[in-house]
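First up is the structure itself, then whatever we jot down about it.
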Amino acid sequence: MEKIGRSRLLSCTFFIILFGLLFQVTAHYHTSKTFIFRIDSESKPSVFPTHYHWYTSHFVHPTHLLHLYDTVFHGFSALLTHQQVASLAQQPSVLAVFEDRRRHLHTTRSPQFLGLRNRRGLWSETDYGSDVIIGVFDTGIWPERRSFSDSNLGPIPSRWKGGCDTGVRFTPNNCNRKLIGARFFSKGHEASGTVFNDTVEFLSPRDADGHGTHTASTAAGRYVFEASMAGYASGVAKGVAPKARLAMYKVCWKNSGCFDSDILAAFDAAVNDGVDVISMSIGGGDGISSPYYLDPIAIGSYGAVSRGVFVSSSGGNDGPSGMSVTNLAPWLTTVGAGTIDRDFPAEVVLGNGRRLSGVSLYSGVPLKGRMFPLIYPGKSGVLTDSLCMENSLDPDLVKGKIVVCDRGSNPRVAKGLEVKKAGGVGMILANGISNGEGLVGDAHLLPACAVGANLGDEIKAYISSSENPRATIDFKGTVVGIKPAPVVASFSARGPNALSSEILKPDLTAPGVNILAAWTDAVGPSGLESDTRRSEFNILSGTSMACPHVSGAAALLKSAHPDWSPAAIRSAMMTTATVRDNTNRQMVDQATGNASTPYDFGAGHINLAHAIDPGLLYDITNDDYVMFLCAIGYRPRLIQVITRSPHKCPRRRPLPENLNYPSFVAVLPASSSSRGLSLRSKTFFRTVTNVGEPNSMYWVRVEMQAEGVKVTVRPSRLVFSEAVKKRSFVVTVTGDAGNLVLGEAGAVFGSLSWTDGKHVVRSPIVVTQAQPL
């Protein structure tokens, strides 16, 4: 009996201790968050054989460690409490700590619209990019799509070190000579407390969302015949670099976003694997631009660029508001969105006979001209009603009618679903002031048409003034040869640069409106869970779609010029970009219909017909970027957070505008009340490298129509030879504060071009004012 009692006592004691430990672990995970630590790797004591041993012995318990970084970034991410973080931050080897942050995705004919043609030019000269590897950071990939076939492709480049992860419905057998790598990064996502829903997501590189499949095939999809989305945009689908190899790095999860800790791990893996280009249609979304030393995307991309990897990023979809562009680091190539010369028109026909133009990708049973009652729920004055939010519509009012819904707050296709659930027969999606006249097509579940703000107001006025308002929707299919094009998309994020006003962002624009590309088989084209339709292709809009166009373009240029740096490739694209549409007029802004500016399109819309032979390049070295960081006031310790190595800044602080960028932003101090101080100037130093004919001569041409601004360039002629491939010049922008009139954007614009009679190397000029600090 005594032994039995003692045994029970020991058992009870064991379970009490075990319960206590479990309680502590559970409490830790409930109060913890993921933090990313930037560590001075040179501080590792020699007693530790690896950094992993050092980190897990000195900083964090192995069970709390998520990612170990050792390539583009030195450090780790871990699940810790704020108290633990505060203690660790005091360690001298800890250079920086930042909390893991959730990022968001920025959501046949476009290659031709870039100036690419079969069997000639950049495609033929690079064998369609067959020797270049593009790494895509996104939601994964649907490997069975024809766009990822490896038919007639040569062997995988021997330098490739990557692999294919095994997971749910994905094995290494899903990879081939086209899709040569596929990895997934979920530790940050899982540590965030987000519940993983395995009924709608795959814990593997397989794409449950569709976004990653779309961007990957936009950059490098193979030729696919008889491609379309339910009959729209039918023809031959192909990516910008059809033979380039693809590696997918799944860092974004359906309905959950993308976490910085996972993105950093993907940067580490991609650079180690051997990619040449990284395509990243991911960015902020909280309206805040973090300093570069607190931005893991800026830090990871610097590590990649410093090793020769070109990184293309989307500028964001918060346009047309000013200062909305994201991904601002000067080593990133930041891409805005423009239209192509293809559209999907539809018409709203009102009971009074008015026919109003809009767009639609609806592919179901048409209304066949039948008129239906027309209502606008927003007449009630309730915001949720006007936006057709979930459960906001009264079936008694909606049933059998076409419903006008205002754009905003919830997804456009979700509004149509609400109308359908309430018994409506159709929807008219009306833009508000913020979207202006910018339209994108959507694969709605019911007959629907999107219209601009002006026509939306006209429809609402008709409803208010008519005793029996009625309408129908007429769908017109696919129309090509649209003019004008390109047009800057209304949603495309705009400058100026919120962090470094001397660096113009976005850098350029690319096709990003109504782009056809491959799609997942896990969800219908609307992306809604209730959408049972399945489509091999889908049509999407966003700077997410523009970014992979530039990534594919970079792959082609890298193939044609293997010795070009990422900055040189960007320079070639920027200085040959077009600012004119297919009517030979200045590109317009879709939101307003007015002429667009470099704050909208950067250097212009990409034109690959000329980028292969740009004449001159503005190159930038790693040391140049370090000098830029010194110029914006970063101390050596903060610079080391980004560059991984300690650097000393010169005693005389450099100027940020002297980074050898292919654009010029003159931020002049505001005028002083003192007489004689009305003239303000800004001087830029630039160096160009000749990559054209060795013996050549370039003359400068400046266009600046604004009153009160004078631009001088010295020298005005650059002479190159076999021995002299680089030349420097000085640009001085002088503003007369008394006569300088800034436009609506708060700036005036012009351009500087070097030309030898064959090449035109064009850079935008922006002149603005700022109050001195």
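The values are calculated or read from the model by the stated rules, or taken from the named source; none is laboratory data. As the structure is a computational prediction, the values presented were derived from the model and not from experiment. Note that each Cβ is placed from the backbone with ideal geometry, even for glycine, and that neighbours are counted across all protein chains shown. Surface areas here come from the heavy atoms of the whole protein model, side chains and all, with no ligands, DNA or RNA. Shrake-Rupley method; radii C 1.70, N 1.55, O 1.52, S 1.80 Å.
Listed values, structure above:
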quantity	calculated
Heavy-atom accessible surface of segment 33-99: percent carbon and sulfur, 1.4 Å	53
Probe 1.4 Å, protein heavy atoms only - accessible area per residue of the chain in square angstrom	40
DSSP bridge pairs, the chain: antiparallel proportion in percent, nearest 5	65
Tail beyond 17 Å, pair distance distribution of segment 660-770 (Cα, percent)	55
Added length on full extension, which subtracts the Cα-Cα distance from 0.36 nm per residue, residue 699 to residue 645	15.4 nm
Loop trypsin sites (Lys or Arg not before Pro), segment 540-626 (other Cβ atoms within 10 Å of the site Cβ: 14 or fewer; DSSP)	585
Paramagnetic reach from residue 679 in segment 655-669 [backbone N under 20 Å; point 7 Å along Cα→Cβ]	666-669
Diffusion coefficient, µm² s⁻¹, Stokes-Einstein with Kirkwood Rh over alpha-carbon pairs of segment 702-742 at 10 °C and 1.306 mPa s	129
Semi-axis lengths, Å, segment 389-494, gyration tensor of Cα atoms, sqrt of 5 times eigenvalues	25, 16, 15
FRET E, pair residue 321, residue 483, Förster distance 25 Å, beta-carbon r, rounded to 0.05	0.35
Rg to Rh, two decimals, where the chain supplies the alpha carbon set and Rh follows Kirkwood	1.00
Within the chain, helix-based [θ] at 222 nm, where runs of 4 or more DSSP H residues each add -39,500 (n - 2.57), nearest 500	-6500 deg cm²/dmol
Whole-number D in µm² s⁻¹ for segment 362-435, Kirkwood Cα-pair radius fed into Stokes-Einstein, 20 °C, 1.002 mPa s	174
Label-point separation in nm, residue 716 to residue 396, each point 7 Å along Cα→Cβ	7.9
FRET efficiency, residue 476 to residue 70 (Cβ-Cβ, R0 41 Å, nearest 0.05)	0.15
Computed label-point distance, nm, for sites residue 736 and residue 687 using a 7 Å Cα→Cβ extension	3.6
Separation of the residue 723 and residue 383 label points, Cα + 7 Å toward Cβ, nm	7.1
Segment 653-741: GluC sites (Glu not before Pro) in DSSP loop, at most 16 other beta carbons within 10 Å	707, 722
R0 of 45 Å, Cβ-Cβ distance residue 43-residue 655: FRET efficiency to nearest 0.05	0.85
DSSP bridge pairs, segment 294-414: antiparallel proportion in percent, nearest 5	55
Carbon and sulfur %, accessible surface of segment 634-772 computed with the full protein complex present, 1.4 Å	50
Trypsin sites (Lys or Arg not before Pro) within segment 284-357, DSSP loop, no more than 14 other Cβ atoms inside 10 Å	307, 354
Difference of contour (0.36 nm per residue) and Cα-Cα distance, residue 635 to residue 169	163.0 nm
Range of Cα positions in segment 296-416 per principal axis (Å), largest first	62, 34, 26
